[in-house]
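Input: a single structure, listed below in structure tokens.
The values are calculated or read from the model by the stated rules, or taken from the named source; none is laboratory data. All of these numbers come straight from a predicted model, not from anything done at the bench. Cβ placement follows ideal geometry from the backbone for every residue including glycine, while neighbour counts extend to all protein chains displayed.
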């Protein structure tokens, strides 16, 4: 039985890779400029106020477009948090996205990154719907390709949120994989997304699959286009569960590349 299961997992993993081999969008963060390519990336600015203060999660950072918080450096995208008073908030950071330039429905997304460390950091690589066709969050869905929190230094979280399954209800669908060196070495965080399921992977190792349960858009709003977001938050409902270490800053997430295959 175990042999049959192993063969099935191997076949489905290979099929997922073979299914999406055409590179349709990427950023390798190469070149002489230290500025993000504005034809690919845009910035969210602020703390979400007045409508959604703390970006809905009581986060403590103010997002900027300043080079101090996001820049290209030696072939890497740097998203860096500073403990610096910014518009009334104690920390400054960056949150970049492709909402104004690119979105995708199905395919494979790979992001190779090295993560920040320390209690209070909350880096994320995630996706939201280009159009909220099923309604506001969580009706139209969210895909968290990678989340990490400093108070769980050996853990990577992959999660989806929908109307039926979300963290407000405590019904979110996801899984954690143990990776001991996420702040020391680069790892590739991926999803393989098809019409009926989303696989979550680290370094090509699948650790979680979310499957359409037939519940319609309340369970599977993932038949629409989603765009990519990358950010480092500070504190909040998840990152700040065990407080914030005031001595660790600055902290950075380094991204080697983003690649999208369809």
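Summary table
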| item | result |
| --- | --- |
| Residues located in the stretch 89-112, provided they are assigned to a loop (DSSP other than H, G, I, E, B), modelled with pLDDT of 95 or more and more than 17 Å from the chain's Cα centre (by Cα) | 101 |
| Residue satisfying all of: in the stretch 191-206; more than 15 Å from the chain's Cα centre (by Cα) and assigned to a strand (DSSP E or B); nearest to residue 134 (Cα to Cα) among these | 197 |
| Residues satisfying the stated conditions in the stretch 179-190, i.e. touching a strand residue (DSSP E or B) at 6+ places or on another chain (Cβ under 6 Å) and farther than 23 Å from residue 128 by Cα | 179, 186 |
| Answer from 188, 159 - the residue that is under 14 Å from the mean Cα position of the chain (by Cα) and buried (at least 21 other Cβ atoms within 10 Å of the Cβ) | 159 |
| Extreme residue, nearest to residue 175 (Cα to Cα), among residues of the stretch 191-208 that are in contact with a strand residue (DSSP E or B) (Cβ under 6 Å, 6 or more places away or on another chain) and surrounded by fewer than 17 Cβ atoms within 10 Å (Cβ to Cβ) | 207 |
| Qualifying residue in the stretch 42-49 (condition: at pLDDT 95 or above and outside any strand (DSSP E or B)) | yes |
| Those residues of the stretch 171-185 which are in a strand (DSSP E or B) and surrounded by fewer than 13 Cβ atoms within 10 Å (Cβ to Cβ), in sequence order | 178 |
| Criterion: surrounded by fewer than 18 Cβ atoms within 10 Å (Cβ to Cβ) and either in contact with a helix residue (DSSP H, G or I) (Cβ under 8 Å, 6 or more places away or on another chain) or at pLDDT 95 or above (or both) - qualifying residue of 135, 150 | 135 |
| Breaking point among (1) touching a strand residue (DSSP E or B) at 6+ places or on another chain (Cβ under 9 Å); (2) farther than 19 Å from residue 262 by Cα; (3) crowded, with 18+ Cβ neighbours inside 10 Å, for residue 217 | (1) |
| Residues of the stretch 45-56 satisfying the condition of being within 20 Å of residue 85 (Cα to Cα) and touching a residue at least 60 places away in the same chain (Cβ under 8 Å) | 54, 55 |
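So that you can scan it fast, the table gives a plain yes or no per residue for (1) closer than 23 Å to residue 239 by Cα; (2) assigned to a strand (DSSP E or B); (3) modelled with pLDDT of 90 or more:
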residue	(1), (2), (3)
6	no, no, no
12	no, no, no
17	no, no, no
21	no, no, yes
35	no, no, yes
38	no, no, yes
54	yes, no, no
67	no, no, yes
83	yes, yes, yes
